[in-house]
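K.L.:
Below: one structure in structure tokens.
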Amino acid sequence: DNFNVYPNPNRGVFNISFVSEKLDNIELIISDDFGKIINIEKKQSFIGEYTKKINLSAYPKGIYIVQIKTNDSFVSKRVVVQ
């Protein structure tokens, strides 16, 4: 519910934000529409608010997938780079 990717669509620069209400191991994965991984970030024992600016302007225009994996959940959002 609290996982946001904005602005969407964008020109290659966008923000990711979410809130983890309990201590958890988090894996943030950004991949292209073909499944090729662009970026992985791992946070161990994370709790609280997370915000990060992502710059994909060096990558081709298209649809990218932003995924958050925790020990017991998985959420993904599509982001359009124009």
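K.L.:
Give the carbon-plus-sulfur fraction of the accessible surface of the chain in %, rounded to a whole number; probe 1.4 Å, heavy atoms of protein chains only. Display every interim value, and only then the final one.
P.N.:
Working: 2530 of 5190 Å².
That fraction is 49 percent.
K.L.:
Separation between the Glu41 and Lys53 pseudo-spin-labels, each 7 Å from Cα along Cα→Cβ, expressed in nm?
P.N.:
1.2
K.L.:
Could I ask something else about it? Tally the DSSP beta bridges in the chain and give the antiparallel ones as a percent, rounded to 5. Before the final figure, lay out the partial values.
P.N.:
Working: 32 of 33 bridges.
Looking only at bridges with both residues in the chain, the antiparallel portion is about 95 percent.
K.L.:
Which number gives the lysine pairs in the chain that have C-alpha atoms under 14 Å apart and are eight or more places apart or on different chains?
P.N.:
Qualifying lysine pairs in the chain: 7.
K.L.:
Then there is this: With θ set to phi - 60°, apply the Karplus curve 6.51 cos²θ - 1.76 cosθ + 1.60 along region 15-32 and write out the HN-Hα couplings as whole Hz, x wherever there is a Gly or Pro.
P.N.:
Once rounded to whole Hz, the list reads 10, 10, 9, 7, 10, 9, 8, 9, 4, 8, 8, 10, 10, 9, 10, 10, 9, 7.
K.L.:
Assign unit charges at the C-beta atoms only (+1 for Lys and Arg, -1 for Asp and Glu), then state the dipole size of the chain relative to its Cα centre in Debye, rounded to the nearest 20. Could you put the intermediate results ahead of the total?
P.N.:
Working: 11 positive and 9 negative charges, 68 e Å.
That gives a dipole near 320 debye.
K.L.:
At 7 Å along Cα-to-Cβ for each site, give me the label-to-label distance between Asn15 and Asn71 in nm.
P.N.:
My value for the distance between the label points is 3.0 nm.
K.L.:
At 7 Å along the Cα-to-beta-carbon direction for both Ser31 and Phe3, put a label point, then send me their distance in nm to one decimal.
P.N.:
Simple spin-label model gives 1.3 nm for this pair.
K.L.:
Can you tell me the relative contact order of the chain? Whole percent, Cα pairs under 8 Å, sequence separation 6 or more. Intermediate values should be presented prior to the final figure.
P.N.:
Details: 189 pairs, mean separation 28.7, N = 82.
Relative contact order here is 35 percent.
The values are calculated or read from the model by the stated rules, or taken from the named source; none is laboratory data. Since the model is a prediction, treat every value here as computed from it, not as a measurement. As a convention, Cβ positions derive from the backbone with ideal geometry for all residues, glycine included, and neighbour counts pool all protein chains shown. These area figures cover heavy atoms from the full protein model, side chains too; ligands, DNA and RNA do not enter into them. Shrake-Rupley method; radii C 1.70, N 1.55, O 1.52, S 1.80 Å.
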